[in-house]
Amino acid sequence: MSMGDKSGFFANWQTLDAEKYLILEYYFETTSPPDEAAAHLCQEQSTAQWKRVGVDEDLRERFGAKVIDLVVEKTFDKPNYPTLATNQTQSYGCRVRIAHPHENFGPKIPNMLTAVAGEGAFHSPGISVIKLLDIEFPESFLQHFEGPKFGVEGLRDRLQVYDRPLFFGVIKPNIGLPPKPFAELAFQGWLGGLDIAKDDEMLGDVCWSPLRERAELLGKARLKAEEITGEKKIYLANITDEVDRLLELHDIAVERGANALMVNGMTTGLSAIRMLRKHTQVPLVAHFDFIAPFTLIPDFGIHSPLVTKLQRIVGFDAIIYPGFGARMKTPDIEVLQSAQACLNPLGQIKPSLPVPAGSQWAGTTGDLYKKLGTVDFGIVPGRAVFEHPMGPRGGAASLRQGWEAVEKGVSLEAYAAEHPELKAAIEMIS
């Protein structure tokens with residue numbers, strides 16, 4: 001590729017109409033000259049061929065993706081990924097920002113991802129490894145997306161809880177229980193203080209626990225728990241299934257008492273969630289299945305906070321995602337960035353509730369509060385509630401007590417001296 005050919009894939013951002021472009025940020029490694037590799041990346045994801053033979057034209061000015069910033073951050077004596085690179089020895093680690101005209105695909109998530117994270121990006125010549133770090137969306141693009149129907153404020157209105165985190169509980173055992181004992185576990189959790197009792201992400205509409213029956217029993221248990229406690233409660237039913245069943249399962253669950261629905265959005269596809277959001281009568285909650293294969297490997301795939309941002313754009317009201325701690329294998333900075341992707345201003349789109357997951361219990365609520373710097377988050381334990389020595393009621397009570405200790409500014413141990421549920425939770429973890 002000559003310099004003349006390559007120059008069509010570079011531009012000064014100040015000369016472009018910002019409303020016509022998405023800004024894509026990538027990290028990539030290459031054994032080619034970095035500017036050549038970046039130009040190839042733009043070419044492959046947009047106008048791979050920009051003119052017809054024998055015709056004096058150049059389609060790149062309007063339709064070409066364009067490098068607006070390129071920085072070589074690292075150099076390596078040998079490629080980090082030799083099986084993907086050429087036999088050259090020196091390799092460059094680069095960060096690039098690309099302006100991509102969104103009229104190339106329109107406000108359509110499948111088409112957008114085809115361009116920015118498809119064949120053109122991940123099979124671009126000269127690039128051995130690449131990660132899509134972020135996408136900045138102009139108002140002209142965001143205005144076509146509805147985002148969460150309820151968002152943080154809507155969830156809080158439904159629960160009438162405004163001054164603390166929201167307490168989820170993943171009903172355990174998650175697989176194998178028929179609806180009746182499953183509903184009793186949820187009921188006990190609600191009595192103890194859970195705001196939201198939820199199906200596990202692996203529990204769908206199955207023969208031994210049909211969603212129709214499960215939603216009816218848990219819906220009745222929820223209303224009974226509300227009457228006893230004087231608090232609003234949510235049953236979060238998992239309707240993940242084939243896409244052509246999502247609307248049907250929504251109606252089955254909601255008509256029988258589920259007042260929020262969970263979908264594994266990356267297994268069904270983000271476009272399916274956008275469809276469901278237009279139909280839904282209740283909040284939608286995301287679970288993070290099928291996300292790790294795209295996000296966990298350093299320098300390859302898609303940055304996890306970007307996946308969170310995309311889930312917010314298509315309409316999830318709350319987003320469960322990998323949280324702090326070794327089990328989730330996610331750097332702390334990414335956990336924080338995902339929370340920001342839920343809550344930061346994003347055009348007219350409402351905030352989603354961030355729910356960092358992974359081995360949560362009464363003692364981690366305060367840590368989450370300190371790290372996130374807000375009460376607008378959810379905590380989503382499973383075994384800490386449903387394997388608690390005093391049962392689900394005691395496990396849920398320990399969550400509330402853990403937060404009360406934070407509010408009062410006392411240690412967990414001191415507060416546990418007069419709260420047996422919290423004391424048992426500490427002993428269970430120790």
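Computed quantities for the displayed model
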{"read-out": "With Cα atoms, 0 to 90° folded angle of helix 304-314 axis to the chain main axis", "value": "80 degrees"}
{"read-out": "For D200, residues with placed amide H under 5 Å, excluding near neighbours", "value": "I171"}
{"read-out": "For segment 126-169 versus segment 268-303, the gap between their alpha-carbon centres in whole angstrom", "value": "11 Å"}
{"read-out": "Burial ordering of S124, S411, S398, fewest other beta-carbon atoms within 10 Å first", "value": "S411, S124, S398"}
{"read-out": "Cβ-placed point charges (K, R +1; D, E -1), dipole of segment 151-429 about Cα centre in debye, nearest 20", "value": "220 debye"}
{"read-out": "For segment 92-99, 3J(HN,Hα) per residue [Karplus equation, 6.51 cos²θ - 1.76 cosθ + 1.60, θ = phi - 60°, Hz, x = Gly/Pro]", "value": "10, x, 10, 10, 10, 10, 10, 8"}
{"read-out": "Volume per residue that the Cα convex hull of segment 301-342 spans, once the total is divided by residue count, Å³", "value": "62 Å³"}
{"read-out": "5 Å-binned pair-distance histogram of segment 207-299 (Cα, whole percent)", "value": "3, 13, 22, 20, 16, 11, 7, 4, 2, 1, 0"}
{"read-out": "In segment 290-337, the trypsin sites (Lys or Arg not before Pro) that fall in loop regions by DSSP, at most 14 other Cβ within 10 Å", "value": "K329"}
{"read-out": "Rg(Cα)/(2.2 N^0.38 Å) for segment 327-398, N = residue count", "value": "1.26"}
{"read-out": "At most 14 other Cβ within 10 Å, DSSP loop - chymotrypsin sites (Phe, Trp or Tyr not before Pro), segment 178-257", "value": "W208"}
{"read-out": "Kirkwood Rh (inverse of mean 1/r, distinct Cα pairs), the chain, angstrom", "value": "23.3 Å"}
{"read-out": "Per-q log10 I(q)/I(0), segment 1-123, q = 0.09, 0.13, 0.19 Å⁻¹ (Debye; single scatterer per alpha-carbon; no solvent)", "value": "-0.26, -0.54, -1.06"}
{"read-out": "Order of D5, D200 - criterion: other Cβ atoms within 10 Å of each residue's Cβ, fewest first", "value": "D5, D200"}
{"read-out": "Pairs beyond 26 Å (Cα-Cα), from K149/K232; K220/K350; K180/K309", "value": "K220/K350; K180/K309"}
{"read-out": "Loop chymotrypsin sites (Phe, Trp or Tyr not before Pro), segment 137-166 (other Cβ atoms within 10 Å of the site Cβ: 12 or fewer; DSSP)", "value": "Y162"}
{"read-out": "Potential lengthening between L296 and Y162 on full extension [0.36 nm per residue; Cα-Cα distance subtracted]", "value": "44.9 nm"}
{"read-out": "Residues E57 and K232, FRET efficiency given R0 of 51 Å [Cβ-Cβ distance, rounded to 0.05]", "value": "0.25"}
{"read-out": "Cα centroid separation, segment 233-254 to segment 28-73 (Å)", "value": "44 Å"}
{"read-out": "Helix 420-429 vs. the chain, principal-axis angle (Cα, 0 to 90°, nearest 10)", "value": "50 degrees"}
{"read-out": "Spread of Cα-to-Cα distances over 5 Å intervals beginning at zero, given as percent, for segment 218-372", "value": "2, 9, 17, 19, 18, 16, 12, 5, 1, 0, 0"}
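Readers should treat all values here as calculations from the given coordinates under stated rules, not as data from a laboratory. Quantities reported herein were computed from a predicted structural model and do not represent experimental measurements. Cβ atoms come from the backbone with ideal geometry, glycine included; neighbour counts cover every protein chain shown.
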